[in-house]
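Notes for the one structure printed next.
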Amino acid sequence: MDKKKIRNFSIIAHIDHGKSTLADRILEMTDTVATREMQEQLLDSMDIERERGITIKLNSVQLKYKAKDGQEYVFNLIDTPGHVDFQYEVSRSLAACEGAILVVDATQGVEAQTLANVYLALDNDLEIIPVINKVDLPSADVERTKEQIENIIGLDTTDAPEISAKTGLNVEDVLEAIVAKIPYPMDANDKEPLRALIFDSYYDQYLGVVMSVRLRQGTIKVGDKIKMMSNGAEYEVTEVGVKTPKILKKDMLEAGEVGWISASIKTIKDVHVGDTITLAKNPATEPLPGYKKLKPMVYSGIYPVDNARYEDFKEALEKIELSDSALVYEPESSQALGFGFRVGFLGLLHMEVIQERLEREYNLNLIATTPSVIYRVTLTNGDVIEIDNPSLLPDPQKIKMIEEPYVNIKVTTPGEYVGDLMNLMQSKLGVYRDLVYVDDTRMELVYDMPLAEIIFDFFNKLKSISHGYASFEYEPIGYQESKLVKMDILLNGEMVDALSMIVNNQFAYERGRELTKKLKEIIPRQNFEIPVQASIGNKVIARETIKAYRKDVTWKLHAADISRKKKLLEKQKEGKKRMKQIGRVEVPQDAFVAVLKLD
Ligand code: GTP
């Protein structure tokens, strides 16, 4: 293959600026996908992605483009997600590219993630092509968007295509810009020892582990004996190919190409995203630079509702880890919930998505406990321990000091919401740092704040105060001492370890009251009275009572009101699936994350 005809690139953007829509248009215009097969947002193949309209997993596709110069080019397009929680996916895909198309929505301009993604692209030495999208909308302000790209990012926009990814207007200019501006893989040499970067992987029932790779040097073909450079594991290649986006088998992959490899790998832990593959015979001496391992920010206990499915759950976690390098987990057990795992996530959306994928893809019924950050506890004997599960906090007498992770948070918002947002930040123990003008309509609020306060319902409040206009990003700035206490919850007099939480002393009474009230709403009545108590140490700080039930919840409905009755019964049945028996009390999943939903 003529290396000069290869272009490897990603599309980067702030969330909703139109990456996936542009990718669809490109696929269509290069006839990669026959029009009748065209399904909107083709690269977003996971169900959750389609339903939520967000891109989570990166996906790559090879396409052919006949350019205006009369030559045919091979494009490898790698789609990337836009949400902060998935930033690590973005940097993974970028490491496999020479260039990036930066999509900016002309009705929104440059936003937080636009910048963050540009920095990632620059870190990877990529050529960036700015593209102005959504010019078909009346509210599009092309000139202002260009100005922002020039002033804030520092990219020249003289030739930036002005497109509508939706209608296809000027999308051809983007294709031509890819040919003209993105460099071909100049370091590609088929004759050197193989070095292929694994940038993604997943488990296939028949093929074993399938790895997405970018070949930097060398070639790889069916029958080759490969070696993982990090652990020396060796396998014989059974299939190689590219995605178009359908799986297309090939005889071999060459330097400069993006494709996939399978080698009947059943031992999942042999494969690490970021590792370099070489050949057992004539191996490379140096691996490619890998990825920085990301440290999870929040932890949650996840348990199968049916304890008999523990082994299935464990296997599902192993498989999902293949396609999600940021996931970490270890076994834990809870008196209330039995055997499960403590799982670390990059953020709340990441947690939600993983739980949903586990349930759907592996047909599991799971209960997740309230997420927690990692607390650093100095004991009176001088030892320092890290706690990611509130129920494991030692006896207060043994504790000298507790520290919690702080973040520096930047909230970008239209000016009119600044006052209310400052109140929100203060109520969340934020320490004011700065207030800056981004441009004539938007301001940026800068605070230091405990990470735990971002977990507890920060996002929803921010969105409701700003009518959806404010966005935020944060970065860890280390640990600070706080006055923290462990609050326990007792149901029917029994402490439920999975409901324990660590709270700031200042909020303890208020959270205790709100939480017991919420639990009273969530836990269905049973045939005996259930006291719900919040306690600190041995002191009860709040109490509610769930009254004994009337067996038929529909008793007060008029006999004619059948559809309503049916709905109620269905709701009850639905709820049953996620009930966990704790002592004598049946507790629904919602109770374990109730604290996230306090008003
Ligand atoms: P994530 O994958 O969630 O990060 O979003 P994305 O950047 O891939 O955005 P997506 O392609 O899903 O587009 C977001 C919304 O904008 C969708 O409703 C699109 O239909 C719409 N959209 C994208 N491009 C255009 C455009 O050129 N014009 C108009 N009017 N709408 C567009």
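Let me make sure I get this right: for the range 195-279, a, b and c are the square roots of the gyration tensor eigenvalues over alpha carbons, sorted descending. Under 1.5 in a/c it's rounded, otherwise prolate if a/b > b/c, else oblate. Which is it? Note, shape of the range 195-279 comes out rounded. For the range 349-404, the Cα gyration tensor yields ellipsoid semi-axes of 34, 10, 7 Å (square root of five times each eigenvalue, largest first, whole Å).
In whole Hz, with x marking every Gly and Pro, tabulate ³J(HN,Hα) for the range 582-587 from phi via Karplus 6.51 cos²θ - 1.76 cosθ + 1.60, θ = phi - 60°. Residue by residue, the range 582-587 yields 10, x, 9, 9, 8, 10 Hz.
Computed from point charges on the beta carbon alone (+1 for Lys and Arg, -1 for Asp and Glu), the dipole magnitude for the range 450-557 about its Cα centre is near 640 Debye. Pairs of Cα atoms in the chain fall into 10 Å distance bins, from 0 up to the last occupied one, in shares of 3, 15, 23, 23, 19, 12, 4, 1, 0 percent. A simple spin-label model places pseudo-atoms 7 Å from Cα toward Cβ; at residue 444 and residue 506 they are separated by 2.6 nm. Share of pairwise Cα-Cα distances greater than 15 Å in the range 481-548 is 47 percent (whole percent).
Rounded if a/c is under 1.5, else prolate if a/b beats b/c, else oblate: with a ≥ b ≥ c from the C-alpha gyration tensor eigenvalues square-rooted, which is the range 375-482? Note, shape of the range 375-482 comes out prolate. Computed 3J(HN,Hα) for the range 389-405, one whole-Hz value per residue from the Karplus formula 6.51 cos²θ - 1.76 cosθ + 1.60 where θ = phi - 60°, is 10, x, 5, 8, 4, x, 3, x, 4, 8, 9, 8, 7, 10, 10, 10, x, glycine and proline marked x. Toward the positive end of the charge dipole of the chain, with +1 on the Cβ of Lys and Arg and -1 on the Cβ of Asp and Glu, the farthest Cα among 549, 268, 500 is that of 549.
Treating each Cα of the range 298-360 as one equal point scatterer and applying the Debye formula with no solvent, the log10 of I(q)/I(0) at q = 0.13, 0.15, 0.16 Å⁻¹ comes out as -0.30, -0.40, -0.46. At an R0 of 35 angstrom, the distance between the Cβ atoms of residue 107 and residue 398 translates into a FRET efficiency of 0.05.
The Cα center of the range 476-501 and the Cα center of the range 1-27 differ in position by 46 Å.
Rounding to the nearest 20 debye, state how big the charge dipole of the range 195-279 is about its Cα centre with +1 on each Lys and Arg Cβ and -1 on each Asp and Glu Cβ.
Magnitude of the dipole: close to 120 debye.
What FRET efficiency comes out for residue 435 versus residue 150 if R0 is 25 angstrom and r is the Cβ-Cβ distance? Round to the nearest 0.05. It comes out at approximately 0.50. Cross-link check: pairs 398/428; 518/580; 221/281 evaluated at a Cα-Cα cut-off of 19 Å; pairs beyond the cut-off: 398/428. Going from the residue with the fewest nearby Cβ atoms within 10 Å to the one with the most, 166, 146 rank 166, 146.
In nm, give the distance between the simple-model label positions of residue 527 and residue 170, each being 7 Å from the Cα along the Cα-to-Cβ direction. So the label points at residue 527 and residue 170 sit 7.2 nm apart. Any chance you could check the Cα centroid distance between the range 207-228 and the range 252-291 for me, in angstrom? Going from one Cα centre to the other spans 5 Å. Here the chain is treated with +1 on each Lys and Arg Cβ and -1 on each Asp and Glu Cβ, and its dipole about the Cα centre works out to around 2400 debye. Rounded to the nearest 0.05, the FRET efficiency derived from the C-beta distance between residue 234 and residue 181 at R0 = 45 Å is 0.65.
Taking only the alpha carbons of the range 88-224, we obtain Rg and Dmax values of 18.2, 57 Å in that order.
Each value in this text was obtained by applying a stated rule to the coordinates, not by laboratory testing. Note that the coordinates shown come from a computational prediction; the quantities given were computed from them, not determined experimentally. Reconstructed Cβ throughout: ideal geometry from the backbone, glycine too, with neighbour counts over all protein chains shown.
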